[in-house]
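The values are calculated or read from the model by the stated rules, or taken from the named source; none is laboratory data. Quantities reported herein were computed from a predicted structural model and do not represent experimental measurements. All Cβ positions, glycine included, derive from the backbone under ideal geometry; neighbour counts span all protein chains shown.
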Amino acid sequence: MTDAGSRERIEAFGAARAAVLERIANACLRAGRDAVAVTLVAVSKTVDADALRDAVRAGLDLLGENRVQEAAVKAPLVPGAHWHLVGPLQANKVRRALEVFEAIESVDSVGLAERIDRLAGEIRPGLRYPILLQVNVDADPAKAGFDPETLAASIARMVDLEALDIRGLMTIGRLVTDPESARPTFRRLRDLSAQLRDSGFPIGPDLSMGMTDDFEVAVEEGATIVRVGRALFGERHHPD
Ligand SMILES: *Cc1c(COP(=O)(O)O)cnc(C)c1O
C-alpha cells in the first residue's frame, strides 16, 4: 500500500466513522440521550490487518471480531487496537480469547462463564474480566444466548464468579428488512436488564445491541454499545 493509497483509505474510514457517529448522535437526540453514553464497536471480521491499521489511524480503535483465531492473527499486526469478542466461544479457545480480547460480549452459558472465570483468574489476576451475557430474546433456534425466562436463575449461579465483571447484556436483533421490526427485541432486552437490576442482580447497565441495519433503533431503545461492521468497512465479500 502506497502512502497516498493509505491516506485515502484513512480518510474514507474517517468519513464512514463520522457518518455513523452522526447517526448515533441523531438517534440519541430523538431519544433524549447523551451520545457519549454510546460506544461504537467496529466489527472488523474479514477485514485484513493492513486495512485495520488505517482504521485505527482514523479513530476506529475498538474492534469487534467473531472468531478467536482470526483476531489472534490480526491483533499483533494492529497496534493501538482494542478487541471485543462478539461471536461464539468454544471452551478450548477461552485461554486464547482472554489473551486477545479486553471483553467478551457473547457469553451464552453458565459453563462458559465458569471457564472464563477460572482462566481469567490465572491469566489476568486481580482484574475482574468484563463480559456481557448474550440473550436470545426472540428464542430464535438459529441463535445462541440465554433464555430470557431463565436468565435470572442463570445469573444467580454466576454471582460467585469473582474474576468476572458482568457488565450487562447483549443481543442480536432479528434479520429483518425493516429496522423497526427489531425494536421490540431491543426494548425487551432493556426491560429485562432493568428488571434484573431492580431485583438486585449484580449486573451492570451495558446493553450491546444494534448492527448496521438497525443500530439507530437500538440506540433509541437504550443501547450503550453498538456493533457496526458493514456501515464502516463496506459489504463483506465472503461469508463470516
Ligand atoms: C457481524 C456482526 C456484527 C456487525 O454486523 P454488520 O451488519 O456488518 O454491522 C455485529 N454483531 C455480531 C455478533 C456480528 O457477528
Based on this model, can you work out whether residue 25 counts as of a type in the set (Gly, Ala, Ser), in a helix (DSSP H, G or I) and either under 21 Å from residue 235 (Cα atoms) or in contact (Cβ under 8 Å) with a residue 40 or more places away in the chain (or both)?
no
Any idea which of (1) surrounded by 15 or more Cβ atoms within 10 Å (Cβ to Cβ); (2) in contact with a helix residue (DSSP H, G or I) (Cβ under 6 Å, 6 or more places away or on another chain) is the one residue 91 doesn't satisfy?
(1)
In region 22-76, which residue that is within 19 Å of the chain's Cα centre (by Cα), more than 21 Å from residue 206 (Cβ to Cβ) and polar (S, T, N, Q) is farthest from the ligand (Cβ to nearest atom)?
69
Mind checking which pairs have a first residue in region 217-235 that is near the ligand (Cβ under 8 Å from one of its atoms) and a second that is modelled with pLDDT under 95, Cβ under 7 Å, 6 or more apart or different chains?
230/236
From the option list 38, 68, 86, single residue qualifying as crowded, with 21+ Cβ neighbours inside 10 Å, of a type outside the set (Asp, Glu) and touching a Cys at 6+ places or on another chain (Cβ under 8 Å) is 38
Tally up the residues in region 88-121 that are touching a Gly at 6+ places or on another chain (Cβ under 8 Å) and either within 16 Å of residue 45 (Cβ to Cβ) or within 16 Å of the ligand (Cβ to nearest atom) (or both), please.
3
Is it true that some residue in region 199-214 is surrounded by fewer than 18 Cβ atoms within 10 Å (Cβ to Cβ), within 13 Å of the ligand (Cβ to nearest atom), without any contact (Cβ under 8 Å) to a residue 40 or more places away in the chain and of a type in the set (S, T, N, Q)?
yes
Going through region 145-160 in order, the residues found to be in contact with a strand residue (DSSP E or B) (Cβ under 8 Å, 6 or more places away or on another chain) and touching a residue at least 40 places away in the same chain (Cβ under 8 Å) are 148, 151, 154, 155, 158
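Would you confirm whether or not region 101-114 contains a residue that is of a type in the set (S, T, N, Q) and either buried (at least 21 other Cβ atoms within 10 Å of the Cβ) or within 17 Å of residue 85 (Cβ to Cβ) (or both)?
Scanning region 101-114 turns up at least one residue that is of a type in the set (S, T, N, Q) and either buried (at least 21 other Cβ atoms within 10 Å of the Cβ) or within 17 Å of residue 85 (Cβ to Cβ) (or both).
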Every residue from region 122-140 that is more than 16 Å from the ligand (Cβ to nearest atom) and not basic (Lys, Arg):
122, 123, 125, 126, 127, 129, 130, 139
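Listed here are the residues, each with its yes/no results for (1) farther than 18 Å from residue 105 by Cβ; (2) more than 16 Å from the chain's Cα centre (by Cα); (3) at pLDDT below 95.
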{"site": "199", "(1), (2), (3)": "yes, yes, no"}
{"site": "205", "(1), (2), (3)": "no, no, no"}
{"site": "209", "(1), (2), (3)": "no, no, no"}
{"site": "216", "(1), (2), (3)": "yes, no, no"}
{"site": "220", "(1), (2), (3)": "yes, yes, no"}
{"site": "223", "(1), (2), (3)": "no, no, no"}
{"site": "229", "(1), (2), (3)": "no, no, no"}
{"site": "234", "(1), (2), (3)": "yes, yes, no"}
{"site": "238", "(1), (2), (3)": "yes, yes, yes"}
